[in-house]
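One structure below.
What follows draws every value from the coordinates through simple rules; no lab data is involved. Keep in mind it's a predicted model, so treat the numbers as computed, not measured. Cβ coordinates were reconstructed from backbone atoms using ideal geometry, including for glycine residues, and neighbour counts include every protein chain displayed.
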Amino acid sequence: MASRRGPHPDAAPFLSQADETEEEAAAKGGSRVGGGQPEGGVQAVTGISYPRSVMIVAVLCYINLLNYMDRFTVAGILPDIESFFRIGDSSTGLLQTVFISSYMVLAPIFGYLGDRYHRKRLLCLGIAFWSAVTLGSSFIPQERFWLLLVTRGLVGVGEASYSTIAPTIIADLFVSDQRSRMLAFFYFAVPVGSGLGYIVGSKVKDLAEDWHWALRVTPVLGVVAVVLLVVVLREPPRGAVERLSDSSLRYTSWAADLRALSRNRSFVLSSLGFTAVAFVTGSLALWAPAFLYRSCLATGQSRPCPDGDTCSSQESLIFGLITCVTGFLGVGAGVEISQRLRRSNPRADPLVCAAGLLGSAPFLFLALVCAQGSNLATYVFIFIGETLLSLNWAIVADILLYVVVPTRRSTAESFQIVMSHLLGDAGSPYLIGVISDRIQRGRPPSYLLEFRSLQYALMLSAFAGVLGGGFFLATALFIQGDRRRAELSAQGLLQEEAEPEERIVVPKRGRSTKVPVSSVLI
């Protein structure tokens, strides 16, 4: 892989500023299309036509859909996996925790590579590896549950390569409102793909009468994804659409990138807010179908699944449909609301995220409380809560892209992934399972006890949502200044603090002294 440190891919003319508001564009005048792009300017800089750029985003969205389908297929067939391997709630929670932990650890590696090397090759290799490992996990025998944990961990390799790199490609193809809308299209795949994971997993299991076949769908679609990447994707130059001078981008060391990101208050606080989103979605994604299934057992509406037989998939199917619809509504509504509010309030993005989290918490709590009394009320509250929660997905990604300079975006994506998963959904499924097991310990087993224990454990998610809303409110205090600094840095109008140069020892007037390497001519 060729290094991207050279100037040739990044030395195109720099024609537009990053993320102008509509008012700023109008004040400057000039012909604009697509909510802020200079007409023909982006295509001239990237060398990629607008139709081709849209096709690239469509392919990336398709792969993101597969990404989340694969991740939540396991949740859609969770009762069958528990029955097949004869495991408890804490072991079941490890399936998601092992995957997320691997994904989290590997994300910084791919973030570093994505900022410096050929992104298309990294994507192709990662997706091919992820598809192969997922296929292999469907052939694990009953006595080797530990091997299923290993394969779920290895799936994180492919997903880490994709999630850290794909949004930065979209950022290099579009600016302003068009970028926001393309990111919304891309992040529709998160909740919609998650919902399809439940639906496809449960229906394929029913049709094949074997849950193993549910894990063999996404690997086939992954092969199609690699072919589409090879044929369609052309890699745009990093940050070219956001610069005004003809100087190449200035790369810094990985340590310097991390120091700069840690001082970026909007990035850190929005990442902490997104961590709460990950905590809530991670716990609900794995446990909500099982919780709904247990509520039906406790009220006598369903019969338990016998050992070695397939379980009823109605709860997974309904929850999957709710996740698809709420994701579509929530992501689209979040982007449109934030764009309209930006015209009068430059802090609109973090405020919409805060409103989504704070609003979802009481509805999710009510869904848990009402589960035993009314299935209809439970599904209605889940629908409203997940819609509000989905407001965040595309907006958080947009915030990251406009408060971080282009040469650090993959690193920032990976840093956000580490933070959100380390404190969010890496531990929340396992933590919920452990709490549920502890509540059941020492008490006579019953379906009602299994339901109650999981109900009380899941209530932790509602409180996490309130905490996340507070972080987004804090982000609103700093978002304007951090965005402006990132724009000026990308345009070469703001020089960052220089890294300390390496110094060497040279003789001077009869004694040794240290001087910068750059001052010595060889």
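Values as computed for the structure displayed
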item	result
Gap separating the Cα centres of the stretch 206-235 and the stretch 252-275, nearest whole Å	34 Å
14 Å beta-carbon shell around SER53, net charge (K/R +1, D/E -1)	+2
Global form of the stretch 133-257, assessed from the alpha-carbon gyration tensor, a/c cut-off 1.5	prolate
Segments 215-221, 160-166 sorted - mean Cβ within 10 Å per residue, highest first	160-166, 215-221
Dipole magnitude of the stretch 125-221 about its Cα centre (Cβ charges: Lys, Arg +1; Asp, Glu -1), debye to nearest 20	60 debye
Relative packing of peptides 132-142, 98-108 - highest average C-beta neighbours within 10 Å first	98-108, 132-142
Calculated from backbone phi, Karplus (6.51, -1.76, 1.60) coupling profile of the stretch 272-286 in Hz, x at Gly/Pro	5, x, 5, 4, 5, 4, 5, 4, 5, 5, x, 5, 5, 4, 7
Residue-by-residue Karplus 3J(HN,Hα) for the stretch 371-378, coefficients 6.51, -1.76, 1.60, Hz, glycine and proline x	4, 7, x, 8, 5, 4, 4, 4
